[in-house]
Amino acid sequence: MTITRFAPSPTGTPESVHLGFVIRALWSYAWAKKNNGKFILRIEDTDQVRSRKDTETAIIDILSDFGIKYDELFRQSDRIARYQEVARKLAEIGAAYYDFDSEKRTKEEIKSSYSHAIKKEDNEEVAEEFMKLKEKPQARKFADKFKSENNWQEYLKLCDEKIKNGESFVIRPMIPYSGKVSWEDVILKKKVEFDFKEIQDLVLLKSDGFPTYHLAVVVDDSDMQVTDVMRGFEWLSTTPIHLFLYDSLNLTRPNFWHFPVIMDPRTGKKFSKRDLEGMFGVMPWLKSGYLKEALLNYLMLLGWAPKAIKNEAGVDVYPEIFNLEEFVKQFDVDGIQKANPTFDQKKIDWFQGVYIRKLTIEELKSEIKNYVTKFEPENIDLFTPSVSQNRDIKIFDEKLKLLQERTTLLQDFVEELKLFETNPDYTKLNLKEIKGLENKDKAWFEKYLQIIEKDILDFSLSKEDWVAKVKKVAEENGDKAQDIFMLLRVILWGKQFSPPFPETMWLIGEEKCKERVKQFKMLPL
């Protein structure tokens, strides 16, 4: 059976869940389900200082929101005794050793385990420290002596005595001094090889009895019978130490998939995890009002492409619109790109537009209400019918139909629904920057404000007759009709761009339109 897992660490704030989380969970889920297998969610919460329950809840909620359902849930904090058992076994068989003088190294080592390809010219101080850490600890030399003398039981006996005396220790792997370790990477489609001499004896079991990532991930993946380990390319250099543990314990190796990393279009480099309030965090997209389905569809194609299908004309086309079920059926290894994909804001906006236009009015209403409930509860009264505010169900639906033609984000729907009822904020307007109005003088504005108030705010006309009337007014005054339409948008909507006229004007209502003209007349023109 194919078994995959998604294993996030619940450190940082709930807002720290990023797009990379979703992609890795998505692809792991898809591969398991495509092969009628099992998808596991494993919370890696052994960092007792930084792990947070609210962040764990956020991770579970976001997976649920995107429809990525796990078959089993594990927490590493429930399995501490198991990690300790395996660490002791590694020491017993001579694949690991005890270090009783580790505290001054541990913090730096943990940092270095996440530092890849450090160049001296980039950061000389860090590079030198990194090189020092590649030197074996003194405890390794002590262990080597007993191993070379074929006296490992005596070594274990001495360590047991130190432990009984209350001495603090960590357990490290005895990485060979020579030789190589290799594996066939599923995505890279080639043999990846490392020299053992390049691999550090990084801590497996910390002095507090908790495992590091390197020990826990191997024990968990083996115990849970994970067949495919799918993770980001940045973890490639940690694979050798994991393979050493698999082989030392005589465990079956899983298949390793190392995904390309997502590139930030603003920097040309991989996304920084510090950018969680910007393009990389999941929450900013949801708070802005992107539909989960649109965001997920875009993420499906960020680093993966489906096979071409022939259209009616026999031409190869590449489908782009997928729901989760369809993606599971289509997902394959060959479609995964080796090159690092760059995040494309315009593309996700295109997906958002497609999904918004597909919604029925009832579906759109539900999406907006759910958005308001979660992110803008102060605006929930928008959904309370009120005759006095022209907000009965039929008129409310007409507003949504009008907005759906051009509005993309749920956040903007809320703002524009409010604009039907609340007069615009004209203080942000700069008439000199609005095409068609930039060269108009005060006399022109005063003339047309009177004409609009007297003749154009005519709610008895059909759309065709109203448009004809505006054009006639423009012709009689030697002006362009489009300039008058622009003035109407600015007065009645407060912006250069608006939903179509005169439909917008009718839905605002005659009383409110006249009120807005009077308010606009008070501005210094």
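The values are calculated or read from the model by the stated rules, or taken from the named source; none is laboratory data. Because the structure is a prediction, the values reported are computed rather than measured. Please note: Cβ atoms are built from the backbone with ideal geometry, for glycine as well, and neighbour counts cover all protein chains shown. These area figures cover heavy atoms from the full protein model, side chains too; ligands, DNA and RNA do not enter into them. Shrake-Rupley method; radii C 1.70, N 1.55, O 1.52, S 1.80 Å.
Being over 18 Å from Asp221 (Cα atoms), touching a strand residue (DSSP E or B) at 6+ places or on another chain (Cβ under 6 Å) and open to solvent by 20 Å² or more (accessible area, probe 1.4 Å): is that true of Arg50 here? Don't jump to the end; show me each part of the working.
Numbers: over 18 Å from Asp221 (Cα atoms): yes; touching a strand residue (DSSP E or B) at 6+ places or on another chain (Cβ under 6 Å): yes; open to solvent by 20 Å² or more (accessible area, probe 1.4 Å): yes.
Yes.
Could you figure out which of (1) among the acidic types (Asp, Glu); (2) closer than 29 Å to Lys401 by Cα; (3) over 48 Å from the mean Cα position of the chain (by Cα) isn't true of Asp479?
Every condition holds for Asp479 apart from (2).
Can you find a residue in segment 301-320 that is of a type in the set (Phe, Trp, Tyr), under 25 Å from Gly281 (Cα atoms), in contact (Cβ under 8 Å) with a residue 12 or more places away in the chain and touching a strand residue (DSSP E or B) at 6+ places or on another chain (Cβ under 6 Å)? Reasoning before the result, please.
Here is the first cut: in segment 301-320, the residues of a type in the set (Phe, Trp, Tyr) are 304, 318.
Subsequent filtering for residues that are under 25 Å from Gly281 (Cα atoms) retains 304.
Now restrict to residues that are in contact (Cβ under 8 Å) with a residue 12 or more places away in the chain: 304.
Remaining after also requiring touching a strand residue (DSSP E or B) at 6+ places or on another chain (Cβ under 6 Å): 304.
Yes, some residue in segment 301-320 is of a type in the set (Phe, Trp, Tyr), under 25 Å from Gly281 (Cα atoms), in contact (Cβ under 8 Å) with a residue 12 or more places away in the chain and touching a strand residue (DSSP E or B) at 6+ places or on another chain (Cβ under 6 Å).
Among Phe74, Phe39, which is the only one that is assigned to a strand (DSSP E or B), open to solvent by 10 Å² or more (accessible area, probe 1.4 Å) and at pLDDT 95 or above?
Values: Phe39 fails: open to solvent by 10 Å² or more (accessible area, probe 1.4 Å).
Answer to the check: Phe74.
Anything in segment 216-240 that is in contact with an Asp or Glu (Cβ under 9 Å, 6 or more places away or on another chain) and under 27 Å from Lys270 (Cβ atoms)? List them, or say none.
Scanning segment 216-240 gives Ala216, Val217, Asp220, Val226, Val229, Leu236, Ser237, Thr239, Pro240.
Which one is farthest from Leu19 (Cα to Cα), of the residues in segment 220-256 that are acidic (Asp, Glu) and surrounded by fewer than 17 Cβ atoms within 10 Å (Cβ to Cβ)?
Here is the first cut: in segment 220-256, the ones acidic (Asp, Glu) are 220-221, 223, 228, 234, 247.
Pick out the ones that are also surrounded by fewer than 17 Cβ atoms within 10 Å (Cβ to Cβ) and you get 223, 234, 247.
Values: Asp223: 28, Glu234: 15, Asp247: 33 Å.
This residue is Asp247.
Test each condition in (1) touching a residue at least 60 places away in the same chain (Cβ under 8 Å); (2) under 22 Å from Asn370 (Cβ atoms); (3) not hydroxyl-bearing (Ser, Thr, Tyr) for Asp392 and report the one that comes out false.
For Asp392, the exception is condition (1).
Give all pairs with beta carbons closer than 6 Å in which a residue from segment 342-371 that is at pLDDT 95 or above meets a residue that is open to solvent by 70 Å² or more (accessible area, probe 1.4 Å); count only pairs at least 6 apart in sequence or on separate chains.
If the second residue must be open to solvent by 70 Å² or more (accessible area, probe 1.4 Å), the pairs left are Tyr355/Glu293.
Got a sec? Which of Thr57, Thr13, Thr4 is open to solvent by 30 Å² or more (accessible area, probe 1.4 Å), hydroxyl-bearing (Ser, Thr, Tyr) and either under 16 Å from Asn255 (Cα atoms) or in contact with a Lys or Arg (Cβ under 8 Å, 6 or more places away or on another chain) (or both)?
Numbers: Thr57 fails: either under 16 Å from Asn255 (Cα atoms) or in contact with a Lys or Arg (Cβ under 8 Å, 6 or more places away or on another chain) (or both); Thr4 fails: open to solvent by 30 Å² or more (accessible area, probe 1.4 Å).
Answer to the selection: Thr13.
Helices (runs of 4 or more DSSP H) wholly in segment 284-365 with at least 1 residues that are surrounded by 15 or more Cβ atoms within 10 Å (Cβ to Cβ) and of a type in the set (Val, Ile, Thr) - which ones? I'd like the intermediate steps shown before the answer.
Details: elements: 292-300, 324-330, 345-358.
So the answer is 324-330, 345-358.
Could you pull out the residue among Glu378, Glu421, Glu415 that is open to solvent by 20 Å² or more (accessible area, probe 1.4 Å), out of contact with any Lys or Arg (no Cβ under 7 Å at 6 or more places or on another chain), assigned to a loop (DSSP other than H, G, I, E, B) and acidic (Asp, Glu)? Can you show your working first?
Working: Glu378 fails: assigned to a loop (DSSP other than H, G, I, E, B); Glu415 fails: assigned to a loop (DSSP other than H, G, I, E, B).
After ruling out the rest, the residue left standing is Glu421.
Looking at Arg82, Arg24, which is the one that is outside any loop (DSSP other than H, G, I, E, B), surrounded by fewer than 21 Cβ atoms within 10 Å (Cβ to Cβ) and touching a helix residue (DSSP H, G or I) at 6+ places or on another chain (Cβ under 7 Å)? Give the derivation first.
Values: Arg24 fails: touching a helix residue (DSSP H, G or I) at 6+ places or on another chain (Cβ under 7 Å).
The unique qualifying residue is Arg82.
With segment 467-525 as the region, which helices (runs of 4 or more DSSP H) entirely inside it contain at least 3 residues that are over 18 Å from Thr427 (Cβ atoms), open to solvent by 30 Å² or more (accessible area, probe 1.4 Å) and charged (D, E, K, R)? Give the steps one after another, and end with the answer.
Working: elements: 481-493, 503-508, 510-521.
Because the criterion is at least 3 residues that are over 18 Å from Thr427 (Cβ atoms), open to solvent by 30 Å² or more (accessible area, probe 1.4 Å) and charged (D, E, K, R), the helices (runs of 4 or more DSSP H) in segment 467-525 that meet it are 510-521.
Looking at segment 203-235, which of its residues are of a type outside the set (A, V, I, L, M, F, W, C), outside any helix (DSSP H, G or I) and over 17 Å from Ile43 (Cβ atoms)? Give the steps one after another, and end with the answer.
First pass over segment 203-235, keeping only residues of a type outside the set (A, V, I, L, M, F, W, C): 206-209, 211-214, 220-223, 225, 227-228, 231-232, 234.
Those still in the list that are outside any helix (DSSP H, G or I) too: 206-209, 211-212, 225, 227-228, 231-232.
Scanning segment 203-235 gives Lys206, Ser207, Asp208, Gly209, Gln225, Thr227, Asp228, Gly232.
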